[in-house]
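All remarks here apply to the structure that follows.
The values are calculated or read from the model by the stated rules, or taken from the named source; none is laboratory data. A quick note: this is a predicted structure, and the numbers were derived from the prediction, not measured. With ideal geometry, Cβ positions are generated from the backbone for all residues, glycine too; neighbour counts draw on all protein chains shown.
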Amino acid sequence: MKARDHIAMNFYWFGLAFMWNGLHPIVLPALLLRFVPEALKNTYLGGMTFAGLILAMIIQPLSGALSDHTRSRWGRRRPWILAGSVFDLFFLAGMTLATGYWGLLVAYILLQIASNAAHGPAQGLIPDLVPEEQRGLASGVKNLFDMGGLVVVSLLLGQLMERGNATLAFIVIGGVLTVSALVTLLATPERPSTNDLPPTTDGNRRELLHVDFRRYPDYAWLIVSRFLILLGIYAVQSFAQYYIRDFLGVPNPAEVTGNLMATIGLALTALVFPAGVLSDRFGRKRLNMLAGALAALGIFLLILVRSVASLLAFGAIIGMATGIFLSVNWALATDLIPQEEAGKYLGLSNLATAGAGAASKLAGPLIDGLNALRPGMYLGYPALFLLASASTLLGTLLILRIRQQPRG
């Protein structure tokens, strides 16, 4: 494939990364402080985002599987990307206009449904269109756009939220998402799917959601290990702004959170593309394990943080590890799935991705409870980092159970 094709099919990930990496660590924590009690802010944030990510776990595999059987002159995936992106804009507007917690929650839940209805099918573009020998490269490009969205949104929205410009933040998110969707929709060389699919029968309706993990046990282990590694990483990201506000006591927590996310994103970006390319040559499994071990170390070191400088330094370690992991793990996933059902099986990878994100939010009540035991010491945050590091390390060890060796 040509370089422009790799860019076009993956540009949508920039907009999605911009939206979610802006909303979850920066916009929502700052916005919720207007509507919820101070002592329960972690609990409310965790509960809200947990509900949305549980829906993401369900919607992504379902929409991915449905897109495998979609008939359209635009191909199998692009109609879903278009519809999901249009509804995203409506629900972003709903979040902007919300005047209380429940209005914000409803708009956020609907945004999760719409976004993940597009996300699942979009994951099928790489296995649909990219030759096997270029999938590490394609995965690197995808994750490069993911991380580019993270870096840009972290630097921009932290500044806006610190100045109280929440409405402008939502407008910027909607604009970036629209542009990225249009690039992928108009420039991706997806062929029509009107005549190449079998007729719909009761049998293939049942197959729509059937997953044969006994036939693909390595992919099952990949999902479990991915879940545990990302659980640790997302737990740090989920409550970073409140940790910075409470534990470090800085006067501008939204801005510092943006700088932390940008530091992680820059470290990610530096390694995400070369990691994908190197995995095509040297294999996926070993690089996955290296990344997981490095992430566990970086998370553990957060317990020692006493300044913004040390926070950014350890954040960079986590960022480098995550960059390697996301790129190489995604390439390994595309190796292990049945290609004719790529949308369904890659959608199932969201059982790990969104599942880890959802499970990480359950730490909210734990943090608030431990913080309440010794007011002013904020014991909940070091406990969170210890558990997150242990989860990431366990997931790394489970990669050993993946028996299929990656191709060189």
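Within the stretch 298-310, the set of residues being in contact (Cβ under 8 Å) with a residue 60 or more places away in the chain and either farther than 14 Å from ASN259 by Cβ or among the acidic types (Asp, Glu) (or both) comprises ILE299, PHE300, LEU302, ILE303. Taking the stretch 16-68 as the range and being farther than 23 Å from LEU366 by Cβ and free of Cβ contacts under 8 Å to residues at least 12 places away in the same chain as the test, the residues that pass are ARG34, ILE58. If you check GLY315, GLY319, GLY298, GLY323 for being in a helix (DSSP H, G or I), in contact with a Ser or Thr (Cβ under 6 Å, 6 or more places away or on another chain) and not polar (S, T, N, Q), only one passes: GLY315.
When the stretch 268-294 is limited to residues that are within 18 Å of the chain's Cα centre (by Cα) and modelled with pLDDT of 80 or more, the one that is surrounded by the most Cβ atoms within 10 Å (Cβ to Cβ) turns out to be GLY292. Only helices (runs of 4 or more DSSP H) whose full extent lies in the stretch 88-181 are considered here, and none of them has at least 2 residues that are out of contact with any helix residue (DSSP H, G or I) (no Cβ under 7 Å at 6 or more places or on another chain), crowded, with 24+ Cβ neighbours inside 10 Å and among the small types (Gly, Ala, Ser). Say whether the condition of being outside any helix (DSSP H, G or I), touching a Pro at 6+ places or on another chain (Cβ under 8 Å), surrounded by fewer than 24 Cβ atoms within 10 Å (Cβ to Cβ) and at pLDDT below 85 is met by at least one residue in the stretch 243-254. The answer is no, given that none of the residues of the stretch 243-254 is outside any helix (DSSP H, G or I), touching a Pro at 6+ places or on another chain (Cβ under 8 Å), surrounded by fewer than 24 Cβ atoms within 10 Å (Cβ to Cβ) and at pLDDT below 85. Filtering the stretch 363-378 to residues that are in contact (Cβ under 8 Å) with a residue 12 or more places away in the chain and at positive phi leaves only TYR378.
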